[in-house]
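The values are calculated or read from the model by the stated rules, or taken from the named source; none is laboratory data. None of the values given here were measured: they were computed from a predicted structure. FYI the Cβ positions are ideal-geometry reconstructions off the backbone, even for glycines, and counts take in every protein chain you see. Only protein heavy atoms, including side chains, enter the accessible area calculation; ligands, DNA and RNA are left aside. Shrake-Rupley method; radii C 1.70, N 1.55, O 1.52, S 1.80 Å.
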Amino acid sequence: MTYAAVARVWAADIRACAAGLLRFATPGELDALLGDPLTSEAYTSFGTLTTRAHTSYGMLNQAVVEASLRRDGRPPADLLTDPALYDPKSCLLGRVLDMDDPEVNGALFLSPATPRNVLRQLAGQTSRRDGVTPVPLPEHVLREAGSVRLLNALLHSPDPDIAAHALRALGPGAEHHGAVRACRLLLDTHRSPELRQLEDRLPGVRWGPEESEPSVGAYARAALRSQDGAERLRELSEKVRRPEWLTSVAELGDAAGRDPLGSAALVRSVVHRRHPCAPRIDWTALLAAEPERRRREGPFPYPVARLLALRHDTPYELLRQAVSDHPEVAPLVTAPTPELLADVCERLALLGAPAAVKVAGNGFVAGTLTAEQIASVLPAEALELYAESLWIPGLRGTAALRTLTGRAGDVVLRPFFCDETGHGPRHRLRSPSRRADWDAAAVYGPRVADALRHRELSADDVLSMVSPDAVLAPGPAAPPDPRVLRRLAELVHQNLGGRPKAWTVALLLLARGFVGTLPELLVAAGAAAA
């Protein structure tokens, strides 16, 4: 036993360490853990162990968020202000928006991280399910929405009182797109006298591409004076903002919605740009029209296939068809099935082994694939690559496969640090120009740095000498080597895997302290729950 083994192991930041440990939990284990009173109720001295567990290692832990949604139908409160929610590859934004919960929508609306197109959608106040049923923002949200950014979003509200208030508050500084929409709403709700009062406070400068459009004030004056002017205002209001309720493949693949600067739209603005998980889609209409569209036009365009792969609610037959038309979008599917993985493996010569590895990793994280299914479907080349994968979100799946195939065990860290994450050649964990990324003392502490001066170290050596915080709750400037984390995932799989009580014991030992090393803590937790 090394001198470090007799030290008392405890977590300085128990919430962050709990989040880091839960990075290696399967969906089934998380379902049990988040419902366990020992880990979900507040301690007098330690606080709630699973609080803020939706982020660890500087990234979103999608498995924890999904478990929270399954458990009580609501996302973790901190998630709604987390920029990670808006990552197109996470597909969680669509899940959250589809809840049609006014309080959740209000928290998203007030979040400084929410993109402009999503703000407009939230201000639209209609159900994501049918695009018609009103889902108004809570009153307190409207009272707090005093910033220029939020008032500009409220210009798109279907409530004429709210739109008029925003137009009045912003005056000449109102965003042109929203001002046009608000003017049309006042016109259509027979509030022309109110629009006439605001006429002199509307934006008075030309706008659009190369300032080719007259001012909003000019459009409003024309609309108040003649029916022809009113029709021109209505026509412009349809051109400056695309519909959010998409009913056809053509609308999903609309160029102006994807790239406003590269399209010939009348008004080039980010108002057109869509978040992949934000648009509302009428799947019934899409499915009904697809056979005829496919006969007439052929396969899905690539942008449509990519959008369908990113969506969490895409009907399975459309998803399989999108992957069949464009196999390269398969790694974007967040919950792939065994059949979809088999489809990818059949086209391995075209896609390459890394694509199959990513699909398998996504499936394990989502709980739609098991290690046994992955081992039985992946060909030898892809299986070997998966066993060596260092993609942090999928390390538990890698550990499960390595244990199943007899590859698990200690590894010598040669070289001591690597920058590979398993997520692609352009996604690296370390920067060559940052000294702290390669400094053993900064990453693991002085004990590891001192031992490294005298001998070569393995992953088990490092885990036996570090504090839990160094590998479970590292700072952004001190990321652990992913090979050490993969070995930690193997120990978690072997000692805690499939036993929620063992997880609870491990979390309690981290909070209260344990005499021994971190690997010994995991072994003790597993033995206590056996």
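So which residues in the range 202-257 are of a type outside the set (D, E, K, R), in a helix (DSSP H, G or I) and open to solvent by 40 Å² or more (accessible area, probe 1.4 Å)?
Gln227, Ala250, Ala255
A quick yes/no check of all residues on (1) within 22 Å of Ala366 (Cβ to Cβ); (2) touching a residue at least 24 places away in the same chain (Cβ under 8 Å):
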| residue | (1), (2) |
| --- | --- |
| Ala84 | yes, yes |
| Asp87 | yes, yes |
| Val96 | yes, no |
| Asp100 | no, yes |
| Glu103 | no, yes |
| Leu110 | no, yes |
| Thr114 | no, yes |
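Do you know which residues across the range 338-347 are open to solvent by 30 Å² or more (accessible area, probe 1.4 Å) and either part of a helix (DSSP H, G or I) or modelled with pLDDT of 95 or more (or both)?
The answer is Pro338, Glu339, Ala342, Asp343, Glu346.
Provide a single number: the residues in the range 84-109 that are out of contact with any Leu (no Cβ under 8 Å at 6 or more places or on another chain) and either modelled with pLDDT under 85 or among the small types (Gly, Ala, Ser) (or both).
1
Among the residues of the range 353-398, which ones are within 17 Å of Ala489 (Cα to Cα) and outside any helix (DSSP H, G or I)?
Listed by number, the residues that qualify are Gly367, Thr370, Glu388, Ser389, Leu390, Trp391.
Residues to consider are Ala145, Ala107, Ala84, Ala123; find the one that is within 30 Å of Arg52 (Cβ to Cβ) and touching a strand residue (DSSP E or B) at 6+ places or on another chain (Cβ under 6 Å).
Every option except Ala84 fails the conditions.
Just to confirm my filter: which helices (runs of 4 or more DSSP H) fall fully inside the range 116-156 and include at least 1 residues that are within 22 Å of Trp283 (Cβ to Cβ)?
Because the criterion is at least 1 residues that are within 22 Å of Trp283 (Cβ to Cβ), the helices (runs of 4 or more DSSP H) in the range 116-156 that meet it are 116-123.
Looking at the range 467-495, which of its residues are open to solvent by less than 10 Å² (accessible area, probe 1.4 Å) and in contact with a Gly (Cβ under 6 Å, 6 or more places away or on another chain)?
Of everything in the range 467-495, just one residue is open to solvent by less than 10 Å² (accessible area, probe 1.4 Å) and in contact with a Gly (Cβ under 6 Å, 6 or more places away or on another chain), namely Leu472.
I want to confirm something. Restricting to the range 87-113 and keeping residues that are open to solvent by 30 Å² or more (accessible area, probe 1.4 Å) and assigned to a helix (DSSP H, G or I), which single residue is nearest to Gln125 (Cα to Cα)?
Looking at the filtered set, the residue picked out is Pro102.
Do the conditions hold for Ala5, that is, is it at pLDDT below 90, assigned to a loop (DSSP other than H, G, I, E, B), among the aliphatic types (A, V, I, L, M) and over 20 Å from Phe364 (Cβ atoms)?
Here the answer is no, as Ala5 does not meet what is asked.
Could you check Arg74 against (1) modelled with pLDDT under 90; (2) within 26 Å of Thr517 (Cβ to Cβ); (3) in a loop (DSSP other than H, G, I, E, B) and say which number it fails?
All conditions pass for Arg74, except number (2).
Among (1) assigned to a loop (DSSP other than H, G, I, E, B); (2) open to solvent by 60 Å² or more (accessible area, probe 1.4 Å), which single condition is Leu350 missing?
(1)
Within the range 391-415, take every residue that is in contact with a Lys or Arg (Cβ under 7 Å, 6 or more places away or on another chain) and among the hydrophobic types (A, V, I, L, M, F, W, C) and give me the one that is surrounded by the fewest Cβ atoms within 10 Å (Cβ to Cβ).
Ranking the candidates gives Val411 first.
Looking at (1) open to solvent by 40 Å² or more (accessible area, probe 1.4 Å); (2) at pLDDT 95 or above, find the lone condition where Glu388 falls short.
Glu388 satisfies all of (1) open to solvent by 40 Å² or more (accessible area, probe 1.4 Å); (2) at pLDDT 95 or above except (2).
On the basis of being over 30 Å from Leu252 (Cα atoms) and open to solvent by 10 Å² or more (accessible area, probe 1.4 Å), does Thr314 make the cut?
No: the conditions fail for Thr314.
Show the residue pairs meeting these rules: Cβ distance below 9 Å; 6+ apart or different chains; first residue within the range 432-443 and loosely packed, with under 15 Cβ neighbours inside 10 Å; second residue part of a loop (DSSP other than H, G, I, E, B) and of a type in the set (D, E, K, R).
Close Cβ pairs satisfying both conditions: Pro432/Asp419.
Of everything in the range 61-78 that's surrounded by fewer than 21 Cβ atoms within 10 Å (Cβ to Cβ) and of a type in the set (A, V, I, L, M), which residue is farthest from Met99 (Cα to Cα)?
Ala77
Read through the list (1) under 19 Å from the mean Cα position of the chain (by Cα); (2) among the aromatic types (Phe, Trp, Tyr); (3) over 17 Å from Ser90 (Cβ atoms), then give the number of the only condition that Phe364 fails.
Phe364 satisfies every listed condition except (3).
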